[in-house]
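So the structure is just underneath, and the comments pick up after that.
The values are calculated or read from the model by the stated rules, or taken from the named source; none is laboratory data. The model shown is predicted, which means the values in this text are computed figures rather than measured ones. Here the Cβ is made from the backbone with ideal geometry for all residues, glycine too, and neighbour counts use every protein chain on show.
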Ligand SMILES: Cc1cc2nc3c(=O)[nH]c(=O)nc-3n(C[C@H](O)[C@H](O)[C@H](O)COP(=O)(O)OP(=O)(O)OC[C@H]3O[C@@H](n4cnc5c(N)ncnc54)[C@H](O)[C@@H]3O)c2cc1C
């Protein structure tokens with residue numbers, strides 16, 4: 001038997017015959033990322049249905065130093081969820097479902113493969129909501145959002161995924177199952193396992209279940225789309241809203257060319273007659289109608305030239321499409337280089353103005369698309385018209401972000417796409433410590449090799 005046949009047989013013994021996929025046509029969607037930029041060679045996809053099967057798979061692979069790429073919904077945007085070097089894909093798609101909701105206190109336990117949409121629906125059935133929301137909600141999973149510490153459009157009010165996770169069950173790269181799903185909402189007993197695992201991008205182990213804090217459900221919502229004459233006014237307004245509007249839930253920024261692209265890609269009518277300038281979308285939610293409060297705040301913002309307000313669901317969804325369809329619309333132009341950065345408040349307008357100029361000075365035929373979570377000075381910089389393997393523009397933009405004292409990831413994580421710039425985020429002593437944490441969880445280095453920490457960037461010896 002070849003080593004591949006031996007591996008396939010062993011995995012089948014663990015998860016059952018039909019749950020190891022190896023037909024290259026069937027596994028193609030597990031090997032290619034959402035952007036189409038990253039794809040790997042044919043490799044087995046193993047689909048465990050229990051924590052025990054996850055642990056047995058990891059233990060088998062650990063003993064033979066076979067790399068594993070955990071995969072949830074495969075909506076990650078930094079190439080972390082696909083096997084580029086023939087690793088085994090460990091898909092969580094059979095380990096799904098909301099297991100329990102503590103209705104009076106707002107705590108939910110779910111298996112890792114449950115989609116965020118299903119978590120939201122279960123929460124709403126019990127009079128609650130979930131604080132994390134993102135356009136990929138019906139595919140992105142609990143495990144994937146924990147692994148990437150997903151932020152999304154409500155983080156300005158509820159914080160990122162790390163703020164929602166009160167307990168995790170995780171199988172480490174050593175094959176050991178750790179669980180603190182016991183039940184408390186607070187735990188202050190030292191190193192906090194959920195916090196360590198959140199944002200670890202599958203490099204420490206596989207999240208199998210999680211306990212999530214739910215958010216209060218605010219049934220009355222109002223959305224406003226504001227057009228500003230200048231990026232400076234739009235950025236300043238976006239950064240100020242949190243302090244002006246206590247009921248604010250989302251503050252999103254986008255620009256005229258992105259809006260035009262979305263309208264063209266999805267055949268939407270533009271929101272205003274004039275389309276130049278910069279846009280801020282604000283959503284407020286409360287138990288009482290927040291429209292008056294929102295309108296007063298909008299009226300106090302300098303530089304607003306057009307306003308559209310939506311109160312009913314259909315009208316709100318129409319306004320949201322202008323922002324949420326950016327990711328999909330940009331993909332119709334070409335395979336984008338995706339950078340998700342943040343700068344300190346006060347520097348957002350400078351970044352918006354300098355990034356496209358910098359890109360066109362390096363790649364004159366490239367297009368730079370800017371949008372993001374303006375309320376937290378976080379910006380998605382998408383660049384099309386550049387070869388997928390040429391990262392000269394990525395390098396220049398990330399160094400510009402560094403010059404502005406920003407961070408190279410504020411949303412999607414590091415993955416493989418940004419591992420080579422990890423030194424811009426962490427100094428040598430910090431990187432060595434991160435390597436030791438990795439080695440403590442995954443001494444054989446089988447978990448998502450090359451993601452987050454470059455293959456040479458860590459060692460079990462520190
Ligand atoms: C249209 C669109 C909109 C998006 N909007 C946002 C947004 O607003 N905010 C945001 O933060 N992201 C956004 N994303 C990116 C993406 O949806 C998130 O990164 C999400 O958290 C990924 O979840 P997933 O289940 O698809 O994970 P995957 O893509 O499958 O995996 C992502 C990473 O997590 C690891 N992983 C997955 N499951 C597990 C597990 N159970 N245990 C350990 N590691 C695991 C993988 O190995 C990989 O490194 C968007 C993506 C799309 C396509």
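Of the conditions (1) more than 30 Å from residue 51 (Cβ to Cβ); (2) surrounded by fewer than 19 Cβ atoms within 10 Å (Cβ to Cβ); (3) within 16 Å of the ligand (Cβ to nearest atom), residue 238 fails just one. Which one is it?
So the condition that residue 238 fails would be (2).
Listed here are the residues, each with its yes/no results for (1) free of Cβ contacts under 8 Å to residues at least 12 places away in the same chain; (2) closer than 19 Å to residue 348 by Cα.
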position	(1), (2)
248	no, no
251	no, yes
262	no, no
267	yes, no
272	no, no
288	no, no
292	yes, no
303	no, yes
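When residues of region 117-135 are filtered for being out of contact with any strand residue (DSSP E or B) (no Cβ under 9 Å at 6 or more places or on another chain) and more than 19 Å from residue 287 (Cβ to Cβ), how many remain?
1
Does at least one position in region 94-102 carry a residue that is more than 11 Å from the ligand (Cβ to nearest atom), more than 20 Å from the chain's Cα centre (by Cα) and within 23 Å of residue 251 (Cα to Cα)?
No - not one qualifying residue is present in region 94-102.
Would you confirm whether or not region 52-70 contains a residue that is under 26 Å from residue 387 (Cα atoms) and either under 23 Å from the mean Cα position of the chain (by Cα) or in a loop (DSSP other than H, G, I, E, B) (or both)?
The answer is yes, given that some residue of region 52-70 is under 26 Å from residue 387 (Cα atoms) and either under 23 Å from the mean Cα position of the chain (by Cα) or in a loop (DSSP other than H, G, I, E, B) (or both).
Scan region 266-275 and give yes if some residue there is part of a helix (DSSP H, G or I) and modelled with pLDDT of 95 or more, otherwise no.
Yes, some residue in region 266-275 is part of a helix (DSSP H, G or I) and modelled with pLDDT of 95 or more.
Which residues, taken from region 109-144, are assigned to a strand (DSSP E or B) and within 14 Å of the ligand (Cβ to nearest atom)?
Hits for region 109-144 are 110, 111, 115, 133, 141.
Tally up the residues in region 383-415 that are under 15 Å from residue 336 (Cα atoms) and either in a loop (DSSP other than H, G, I, E, B) or outside the structural domain of residue 355 (by TED's automatic domain parsing) (or both), please.
8
Which of (1) crowded, with 23+ Cβ neighbours inside 10 Å; (2) outside any loop (DSSP other than H, G, I, E, B) does residue 12 not meet, given it meets every other one?
(1)
Picking from 77, 90, 21, which residue would you name as being within 16 Å of the ligand (Cβ to nearest atom), at pLDDT below 95 and touching a strand residue (DSSP E or B) at 6+ places or on another chain (Cβ under 6 Å)?
Going through 77, 90, 21 in turn, just one is within 16 Å of the ligand (Cβ to nearest atom), at pLDDT below 95 and touching a strand residue (DSSP E or B) at 6+ places or on another chain (Cβ under 6 Å): 77.
Among the residues of region 277-311, how many are within 24 Å of residue 229 (Cβ to Cβ) and either modelled with pLDDT under 95 or part of a helix (DSSP H, G or I) (or both)?
Result for region 277-311: 7.
For region 225-240, indicate whether the set of residues that are without any contact (Cβ under 8 Å) to a residue 24 or more places away in the chain and closer than 30 Å to residue 306 by Cβ is non-empty.
no
Restricting attention to region 428-447, which residues are under 24 Å from the mean Cα position of the chain (by Cα) and either assigned by TED's automatic domain parsing to the domain that holds residue 61 or free of Cβ contacts under 8 Å to residues at least 60 places away in the same chain (or both)?
Of everything in region 428-447, those that are under 24 Å from the mean Cα position of the chain (by Cα) and either assigned by TED's automatic domain parsing to the domain that holds residue 61 or free of Cβ contacts under 8 Å to residues at least 60 places away in the same chain (or both) turn out to be 430, 431, 434, 435.
Could you tell me whether residue 366 is within 26 Å of residue 242 (Cβ to Cβ) and modelled with pLDDT of 95 or more?
So residue 366 fails the test.
Would you confirm whether or not region 378-399 contains a residue that is at pLDDT below 95 and within 30 Å of residue 241 (Cβ to Cβ)?
no
Which members of region 140-162 meet the condition of being under 16 Å from residue 110 (Cα atoms) and within 10 Å of the chain's Cα centre (by Cα)?
Answer for region 140-162, where residues must be under 16 Å from residue 110 (Cα atoms) and within 10 Å of the chain's Cα centre (by Cα): 140, 144, 145, 146, 147, 161.
Take the residues of region 157-176 that are under 20 Å from residue 376 (Cα atoms) and crowded, with 24+ Cβ neighbours inside 10 Å: which is farthest from the ligand (Cβ to nearest atom)?
So the residue we want is 164.
Restricting to region 48-66, what's the tally of residues that are touching a helix residue (DSSP H, G or I) at 6+ places or on another chain (Cβ under 8 Å) and more than 12 Å from residue 88 (Cβ to Cβ)?
Qualifying residue count, region 48-66: 3.
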